[in-house]
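The values are calculated or read from the model by the stated rules, or taken from the named source; none is laboratory data. All figures in this text were calculated on a predicted structure; none of them were measured in a lab. Glycine gets a Cβ as well: all are built from the backbone with ideal geometry, and neighbour counts include every protein chain shown. The area values use the complete protein model at the heavy-atom level, side chains included, leaving out ligands, DNA and RNA. Shrake-Rupley method; radii C 1.70, N 1.55, O 1.52, S 1.80 Å.
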Amino acid sequence: MLIRNATLAEGDTRDVRVSGERIAAVGDGLDADDERVLDATGKRLLPGMIDVHVHFRQPGFGHKETWETGTKSAAAGGVTTVVDQPNTEPPTVDGAAVDEKLGYAEQAHIDFGINGGVTADWEPATLFDRPLFALGEVFLADSTGEMGIDTSLYAEALEQAREHDVTVTVHAEDETLFNESARERDDADAWSAYRRPQAEQEAVRRACELATERDIQIHVAHTSTPEGIDIAAEHGMTCEVTPHHLFLSREYLSELGTHGVMNPPLRRDTLRSRVYERVADGTVDMIATDHAPHTAEEKDVGVWDAPSGVPGVETVLPLLLVEAERGRLSYERVRDLTAATPADVFDLPDRGRVREGNYADLVLVDPDAVTEIRADALHTNCPWTPFEGWDGLFPEWTMVRGEQVFERDADEPFGDPRGQNVRTTEE
Ligand SMILES: NC(=O)N[C@@H](CC(=O)O)C(=O)O
Ligand SMILES: [Zn+2]
Ligand SMILES: [Zn+2]
């Protein structure tokens, strides 16, 4: 297949040949062989997003999301690789649990990685025997799934990870620093007052210090404060920011109610705008969604009973592409945040860039096709989105290893499941 006249992230117009699973050539005026030719004049061709943080819920909570619905949703949003987190049932803390999850992942429409988790009864010997993407998210405080661990177990996890040459991703909040007085309130904003910024900042500092002492690299998940980001960067560690912490703030909670409750929680707009600056200037390494679907019934209860988490895997790239189109982020920055840097940090050398020899993990975008985000037009099993009514620039199609896994205007937009584990696909 020859994709003609596509505008790449850098702004150059190029022809891109896809042959088998790979990008065979990127050039100017390539001659068509006996192949399908697609005219991409005026359109953007970008590497598919590598979202290193999703919760696809199986095994255990398939009523919230399944591997099938989660990966279809990802494909429709331009995501070509996802990394699933361990707070399923059973939790992914031993080899047998990884094997069970890999069975569900046979329904995946895009490529994936599986993270291994840490609890008091984890089994490092069998866990590291499996093709893990990373160790994590390691919960330093309870979140959905109540997998919070203490410092000594975190230290043990760091050492095990070093021994097995695996990166550790960390959910950094310190529950001893939560603001108990907020417990008297019952509005959604009480969650933000309770899990206050200091609880993240001190946990990030401690997590980084313990890793530095042991000469281990960690990746801090879903940093939500400028200080948390800066502390990670000062220690030479990497971090990610979610779309909800980039675009939403406590000011939205009167409208969102408990649908805006997640861990770490939404912050004040003054903090959010400083997070945005760090995303724009490259201090933040990557965007990851922390896609954490819960049903509307589960969410529509009081703030102290509502499960934490919001969906995001289908809307993240469309929201960022609108930022690029309107000049608030460059296309190159969006490419780095969503694809190139996650590929570098997590050692996926053949992904994340439109480059000869790489896997053809691609999305095609018509910059004029901005639409309104509506939950009922999304493909996730989650029936609501915190971005209802926002502008989104959705891809026309998404390609994984040379095959279109999603075509928006086709009668049947999705093909058969063909996702592979990126740790067992030959890189
Ligand atoms: N972020 C959340 O609020 N919830 C996540 C768990 C997590 O990432 O902490 C979930 O699995 O629901
Ligand atoms: Zn988390
Ligand atoms: Zn998470």
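Here are the numbers:
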item: Checking residue 360 against (1) closer than 29 Å to residue 64 by Cβ; (2) hydrophobic (A, V, I, L, M, F, W, C); (3) buried (at least 23 other Cβ atoms within 10 Å of the Cβ), the condition it does not meet; result: (1)
item: Residue count for the stretch 7-52, restricted to those that are in contact with a Gly (Cβ under 9 Å, 6 or more places away or on another chain) and either over 17 Å from residue 405 (Cα atoms) or of a type outside the set (Gly, Ala, Ser) (or both); result: 16
item: Hits in the stretch 266-280 (condition: of a type in the set (Gly, Ala, Ser) and in contact with a Leu (Cβ under 8 Å, 6 or more places away or on another chain)); result: 280
item: Candidates 388, 372, 396, 314, filtered to the one that is open to solvent by 40 Å² or more (accessible area, probe 1.4 Å) and touching a residue at least 24 places away in the same chain (Cβ under 8 Å); result: 396
item: Positions within the stretch 273-294 being more than 26 Å from residue 182 (Cβ to Cβ), in contact (Cβ under 8 Å) with a residue 40 or more places away in the chain and more than 16 Å from ligand 3 (Cβ to nearest atom), in sequence order; result: 277, 278, 279, 280, 282, 283, 284, 285
item: Residue list for the stretch 277-299, restricted to those being away from ligand 1 (no atom under 16 Å from the Cβ) and touching a His at 6+ places or on another chain (Cβ under 9 Å); result: 285
item: Pick from the stretch 1-30, criterion free of Cβ contacts under 8 Å to residues at least 60 places away in the same chain and of a type in the set (Ser, Thr, Tyr), ranking: farthest from residue 47 (Cα to Cα); result: 13
item: Of the criteria (1) more than 14 Å from ligand 1 (Cβ to nearest atom); (2) under 18 Å from residue 423 (Cα atoms), which one residue 176 fails; result: (2)
item: Within the stretch 1-21, tally of residues that are surrounded by 18 or more Cβ atoms within 10 Å (Cβ to Cβ), part of a strand (DSSP E or B) and not polar (S, T, N, Q); result: 8
item: Total residues in the stretch 159-200, condition within 23 Å of the chain's Cα centre (by Cα) and among the aliphatic types (A, V, I, L, M); result: 6
item: Residue match in the stretch 70-81 (condition: over 26 Å from residue 340 (Cα atoms), of a type outside the set (Ser, Thr, Tyr) and in contact (Cβ under 8 Å) with a residue 40 or more places away in the chain); result: no
item: Some residue of the stretch 313-325 being within 16 Å of ligand 2 (Cβ to nearest atom), modelled with pLDDT of 95 or more and part of a loop (DSSP other than H, G, I, E, B); result: yes
item: Index of the failed condition, residue 68 passing every other in (1) part of a strand (DSSP E or B); (2) open to solvent by 50 Å² or more (accessible area, probe 1.4 Å); result: (1)
item: Which numbered condition residue 126 misses (of (1) hydroxyl-bearing (Ser, Thr, Tyr); (2) open to solvent by 10 Å² or more (accessible area, probe 1.4 Å); (3) within 16 Å of ligand 3 (Cβ to nearest atom)); result: (3)
item: Residue 106 under 26 Å from residue 408 (Cβ atoms) and open to solvent by less than 10 Å² (accessible area, probe 1.4 Å); result: no
item: Among residues of the stretch 268-287, those that are crowded, with 23+ Cβ neighbours inside 10 Å and assigned to a loop (DSSP other than H, G, I, E, B), counted; result: 2
item: Every pair of residues 6+ apart whose Cβ atoms lie under 6 Å, when the first sits in the stretch 90-101 and is more than 17 Å from residue 147 (Cα to Cα) while the second is buried (at least 17 other Cβ atoms within 10 Å of the Cβ) and of a type in the set (Val, Ile, Thr); result: 101/92; 101/114
item: Out of 335, 353, sole residue that is outside any helix (DSSP H, G or I), in contact with a strand residue (DSSP E or B) (Cβ under 9 Å, 6 or more places away or on another chain), open to solvent by 10 Å² or more (accessible area, probe 1.4 Å) and among the basic types (Lys, Arg); result: 353
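Residues are listed down the side, and each one gets a yes or a no for (1) β-branched (Val, Ile, Thr); (2) more than 19 Å from residue 73 (Cα to Cα); (3) modelled with pLDDT of 95 or more:
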| site | (1), (2), (3) |
| --- | --- |
| 93 | yes, yes, yes |
| 108 | no, no, yes |
| 113 | no, no, yes |
| 117 | no, yes, yes |
